[in-house]
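Before any comments, here is the structure.
The values are calculated or read from the model by the stated rules, or taken from the named source; none is laboratory data. Everything quoted here is computed from the prediction, not taken from an experiment. Here the Cβ positions follow ideal geometry from the backbone for every residue, glycine too, while neighbour counts run over all protein chains shown. Each accessible area value is taken on the protein alone, full model and side chains, heavy atoms only, with ligands, DNA and RNA left out. Shrake-Rupley method; radii C 1.70, N 1.55, O 1.52, S 1.80 Å.
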Amino acid sequence: MAVSVIRALGLVAREAAHPSSGSRRCSACGEGEAVLADRVDGVVVRHGGAVAKAHADGTDAAGHRARLAVAGHACLAGILLPPLPTAGEDLQGRPVTAWPYGVPVDPADPDAAPWEEAGALVARLHAVPLTYLTAIGTLPPMRGPAKAARAVARMRAVGHRSAALPVLRAWELLPAWARDEARSPGPRALCHGDLHLGQLVRHPAPDGPWLLIDVDDLGTGEPAWDLARPAAWFAAGLLPPEAWQRFLGAYRSAQGPAVPADGDPWPQLDVAARALTVQTAALAIAKSAAEGRDLDEAERLMIDACARMTVGATELPSGTSS
């Protein structure tokens, strides 16, 4: 990312952290700026107790405004981290937002991963009545299937790879809604759209309650999608059974609507978990090709999972939800 963009985000974060000082240099906290993320889909810079984010180029303006309004709505208090006021509305055509800083999950301490908190938070998100949000206007669709389709397009763009064959076959076997080619069937809920442990922070820092962050993919859709990434990892052997049960058990205890309160959850999770398996495998192939390296063990496990999904499979009807 250009230094000018990072510098501009630093000013937005500084002003959000110290609104009374305006654009003057802060001397009270003695902190500088830190780049927390620098990706095509988002650049994040921190100053003290605030972060500023430049969202992806081409972000839909109306959908973006609706998602921000949801994050700041009173009925999402204690579930989603609310945005901070900011005067910066765009940067080189990219929307800019400011948020309170929260402490993320420590990837070096997997035993302390907040699986129960994640399950309970997403259950509460799914349980929010959409009628509570009617004042916001039309809510955009959850962007999970769109991200899966984009991952497959990235894989195709790198050219022929033998590893891509089972991934493409598994993709073709998914129903149209999971490939972002049709509206998702069945009851719709407010969904995060890209749920993983990197989407949780403690706020207020350092030991406040866990909250969900990143509303870029938030919207209405099939709630099973938000359970699909840990489900896919569990099925592929990347997530220990006990972690999966902690997450699923907490979701059920909080009366999440995506799966029954007891019994086998897989009839409801199967399609979304397959789609997230394809997405993860497709991104692995695209990234390994771009970086000129071989696939690592975890990436191969996801591709192997795609291959298993195609054994004896027939294409699912376009309206299938489980």
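Are any residues in the range 295-322 at pLDDT 95 or above and part of a loop (DSSP other than H, G, I, E, B), and if so, which ones?
Once the filter is applied, which keeps residues that are at pLDDT 95 or above and part of a loop (DSSP other than H, G, I, E, B), the range 295-322 yields LEU295, ASP296.
Does GLY208 count as among the small types (Gly, Ala, Ser), farther than 22 Å from ASP106 by Cβ and either open to solvent by 30 Å² or more (accessible area, probe 1.4 Å) or touching a residue at least 40 places away in the same chain (Cβ under 8 Å) (or both)? Walk me through how you get there before you give the answer.
Numbers: among the small types (Gly, Ala, Ser): yes; farther than 22 Å from ASP106 by Cβ: no; either open to solvent by 30 Å² or more (accessible area, probe 1.4 Å) or touching a residue at least 40 places away in the same chain (Cβ under 8 Å) (or both): yes.
So GLY208 fails the test.
Residues VAL167, VAL152: which one is over 19 Å from the mean Cα position of the chain (by Cα) and either open to solvent by less than 70 Å² (accessible area, probe 1.4 Å) or over 27 Å from ILE79 (Cβ atoms) (or both)?
Numbers: VAL152 fails: over 19 Å from the mean Cα position of the chain (by Cα).
Criteria check complete, one pass: VAL167.
How about the range 1-107: which strands (runs of 3 or more DSSP E) wholly inside it have at least 3 residues that are at pLDDT below 95, charged (D, E, K, R) and open to solvent by 40 Å² or more (accessible area, probe 1.4 Å)?
33-39
Would the range 244-252 turn up any residue that is among the aromatic types (Phe, Trp, Tyr) and without any contact (Cβ under 8 Å) to a residue 12 or more places away in the chain? Working first, answer last.
If we filter the range 244-252 for residues that are among the aromatic types (Phe, Trp, Tyr), which is where we start, we get 244, 247, 251.
Cutting the leftovers down to without any contact (Cβ under 8 Å) to a residue 12 or more places away in the chain gives us none.
Looking for residues that are among the aromatic types (Phe, Trp, Tyr) and without any contact (Cβ under 8 Å) to a residue 12 or more places away in the chain, one finds none in the range 244-252, hence no.
Quick one: is ALA118 outside any loop (DSSP other than H, G, I, E, B) and among the small types (Gly, Ala, Ser)?
Numbers: outside any loop (DSSP other than H, G, I, E, B): yes; among the small types (Gly, Ala, Ser): yes.
The answer is yes for ALA118.
Six or more apart or on different chains, Cβ atoms under 6 Å: show the pairs whose first residue is in the range 224-239 and closer than 26 Å to PRO187 by Cβ and touching a residue at least 60 places away in the same chain (Cβ under 8 Å) and whose second is of a type outside the set (A, V, I, L, M) and part of a loop (DSSP other than H, G, I, E, B).
Every condition considered, the pairs that remain are ASP226/HIS192.
Among the residues of the range 232-259, write down those that are open to solvent by 60 Å² or more (accessible area, probe 1.4 Å), part of a helix (DSSP H, G or I) and touching a Leu at 6+ places or on another chain (Cβ under 7 Å).
Selection gives TRP233 alone.
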